[in-house]
Amino acid sequence: MTIESKNPATLALHAGFRQDPTTGAVAVPIYQTTSYQFDSPEHAANLFALKELGNIYTRIMNPTNNVLEQRIAALEGGAAALAVASGQAASALAIQNVAQVGDNVVSSTDLYGGTWNLFANTLKQQGIEVRFVDPADPENFRRATDGKTRAYYAETLPNPKLTVFPIREVADIGREVGIPLIMDNTAAPILCRPFDHGAAVIVYSTTKYIGGHGTSIGGLIVDGGNFDWEAYPERQPLLNQPDPSYHGAVWTQAVKPLGPIAYILKARVTLLRDLGPALSPFNAFQTIQGLETLPLRIREHCRNADAVTEYLNRHDQVARVIHPSLQAGVDRVRADTYLQGGYGGLVGLELKGGLEAGRHFIEALELFYHVANIGDARSLAIHPATTTHSQLSLEEQLASGVSEGYVRLSVGIEHIDDIIADLAQALDRAAAAVKAAA
Ligand code: PLP
């Protein structure tokens, strides 16, 4: 039995699994197995030939991972999903699935640093060029496009700027010429459903809000099933030309009887098979536990982040607060168009005392953890100028939205009074330390 619903709170608990067919277990079992007994030689041959879908080997699929995949696909309104070992693996595979040597991808400049490195260095070494453009003007994507452009890439709610990406605008530009938009929705699950706005593929680091408890690294790729890969055979050769790694399969044709899942099935049976970044079933289980309460947690993250924004915005030691609720003009219109139900759990602040104040503030925090992570149920903070962005020049830091006194908060779901009290005492102590040193 499957439970039908349009409501995320229900889907997060029930989509893709009701009970274990053999034991009746209600919690998703951890299928800690590498391999699966075939029913017959014919069954085995059919599975390998993709005439029917089923379990072969856990590097490629696993029943625990399958529940996670079905659940996220249901929440996103997508066709199917693929669980992988990390968010980094999700981004890499999402690109490698459509681009090869000599091809290019156009990406927003506003990216997580790890993704930037993957794009600017590792993919470049593999012969895939990533062209970075400022997302403030969606037309920049069109300008950077040529005959070898295979995908567009962006984050829904990138930090530190926290300006929401123009999803529909860029997706429409791509769809005119057969280019899919891949959205990293890590910072805005539940709040944004990128397929509703024309994106073709979603990637997640489940390490963040979806897992939510800081226990497990993981990633997901979701196929919207809403992109006509077959209509652009020259633009999308990897999906439309015979694939020698699967005895000449043309993915858009071979997968047709199974539904609009050519993109994600190809990623599973070629890239996951060959490169091997499989998610362990134990991590899939942990991620499912997180996913089950995601809608509830996201609500609380947003509520607390709003209150923190309001508090910091009135504080005399704070020069500027960065949060979508404080934006105006086109940025605010985009935030209100693409985020529903809240502006997310991330808040940036710039301290009047600059670098020294930033350092002292981080040191003085007691409830907030000082970690290079976001999206945990616990409150987290980091001072990018002395950590994540310290390898960049001052100009590069400023271009990426990081001033010397910038601090990134990932507001957790503790009681708001305790969160504010910690910020208040840390701001006081930072101001006193800067004054004492002057
Ligand atoms: N995408 C975003 C927006 C991230 O913040 C991160 C990690 O910080 C990643 C991708 C990479 O995910 P992971 O650390 O799970 O590999």
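The values are calculated or read from the model by the stated rules, or taken from the named source; none is laboratory data. Model, not experiment: these values are computed from the prediction. So basically every Cβ, Gly included, is an ideal-geometry build from the backbone, and we count neighbours across all protein chains shown. Just so you know, the surface numbers come from the protein's heavy atoms only, side chains and all, with ligands and any DNA or RNA stripped out. Shrake-Rupley method; radii C 1.70, N 1.55, O 1.52, S 1.80 Å.
Return the total of residues in segment 148-195 being of a type in the set (Val, Ile, Thr) and touching a Pro at 6+ places or on another chain (Cβ under 6 Å). Even if it seems obvious, please write down each step before you answer.
Applying the first criterion (of a type in the set (Val, Ile, Thr)) to segment 148-195 yields 149, 156, 163-164, 167, 170, 173, 177, 179, 182, 186, 190.
Now narrow it down to the ones that are touching a Pro at 6+ places or on another chain (Cβ under 6 Å): 167, 170, 190.
Summing the residues that are of a type in the set (Val, Ile, Thr) and touching a Pro at 6+ places or on another chain (Cβ under 6 Å) in segment 148-195 gives 3.
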Only residues in segment 284-310 that are part of a helix (DSSP H, G or I) count as the first member; pair them with residues that are among the charged types (D, E, K, R), Cβ under 9 angstrom, at least 6 apart or cross-chain, and list the lot. ALA284/GLU69; ILE288/ARG71; GLY290/ARG297; LEU291/ARG71; GLU292/ARG71; ASN304/GLU414
Over segment 215-227, the set of residues open to solvent by 10 Å² or more (accessible area, probe 1.4 Å), within 15 Å of the ligand (Cβ to nearest atom) and either modelled with pLDDT under 95 or not hydroxyl-bearing (Ser, Thr, Tyr) (or both) is ILE217
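Looking at the structure I just gave you, is GLN236 open to solvent by 30 Å² or more (accessible area, probe 1.4 Å), modelled with pLDDT of 95 or more and at negative phi?
On the way: open to solvent by 30 Å² or more (accessible area, probe 1.4 Å): no; modelled with pLDDT of 95 or more: yes; at negative phi: yes.
Criteria not met by GLN236.
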Restricting segment 190-214 to residues that are in a loop (DSSP other than H, G, I, E, B) and within 11 Å of the ligand (Cβ to nearest atom), which is most open to solvent (accessible area, probe 1.4 Å)? LYS208
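Residue-by-condition table, conditions (1) within 26 Å of LYS435 (Cβ to Cβ); (2) in contact with an Asp or Glu (Cβ under 6 Å, 6 or more places away or on another chain):
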site	(1), (2)
TYR311	yes, no
GLN317	yes, no
ARG320	yes, yes
SER325	no, no
ASP331	no, no
THR337	no, no
GLY341	no, no
GLY344	no, no
LYS352	yes, no
Which residues, taken from segment 331-386, are hydrophobic (A, V, I, L, M, F, W, C), out of contact with any strand residue (DSSP E or B) (no Cβ under 8 Å at 6 or more places or on another chain), open to solvent by 10 Å² or more (accessible area, probe 1.4 Å) and closer than 14 Å to LEU423 by Cα? LEU367
What are the pairs with Cβ atoms under 9 angstrom where one residue, in segment 1-28, is among the basic types (Lys, Arg) and the other, located anywhere, is surrounded by 12 or more Cβ atoms within 10 Å (Cβ to Cβ) and not in a helix (DSSP H, G or I)? Sequence gap at least six, or different chains. ARG18/ILE3
Is there a residue being at pLDDT below 95, more than 16 Å from the ligand (Cβ to nearest atom), over 22 Å from ALA307 (Cα atoms) and of a type outside the set (Lys, Arg) anywhere in segment 401-408? yes
Taking segment 284-312 as the region of interest, how many residues are in contact with a Lys or Arg (Cβ under 9 Å, 6 or more places away or on another chain) and surrounded by fewer than 20 Cβ atoms within 10 Å (Cβ to Cβ)? 1
Does LEU123 meet the test of being within 16 Å of the ligand (Cβ to nearest atom), out of contact with any Ser or Thr (no Cβ under 7 Å at 6 or more places or on another chain), closer than 30 Å to LEU13 by Cα and of a type outside the set (Phe, Trp, Tyr)? no
Can you tell me which residue is farthest from LEU296 (Cα to Cα) among those in segment 399-411 that are surrounded by 14 or more Cβ atoms within 10 Å (Cβ to Cβ) and out of contact with any helix residue (DSSP H, G or I) (no Cβ under 7 Å at 6 or more places or on another chain)? SER403
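Within segment 97-118, count every residue that is surrounded by fewer than 18 Cβ atoms within 10 Å (Cβ to Cβ) and within 16 Å of the ligand (Cβ to nearest atom). I'd like the intermediate steps shown before the answer.
Step one: list which residues in segment 97-118 are surrounded by fewer than 18 Cβ atoms within 10 Å (Cβ to Cβ), which gives 100-102, 109, 113-114, 116-117.
After this cut, where a residue has to be within 16 Å of the ligand (Cβ to nearest atom) as well, the list is 109, 113-114, 116-117.
Residues meeting the conditions: 5.
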Pick from segment 318-330, criterion open to solvent by 60 Å² or more (accessible area, probe 1.4 Å) and either at pLDDT below 95 or not basic (Lys, Arg) (or both), ranking: nearest to PHE165 (Cα to Cα): VAL330
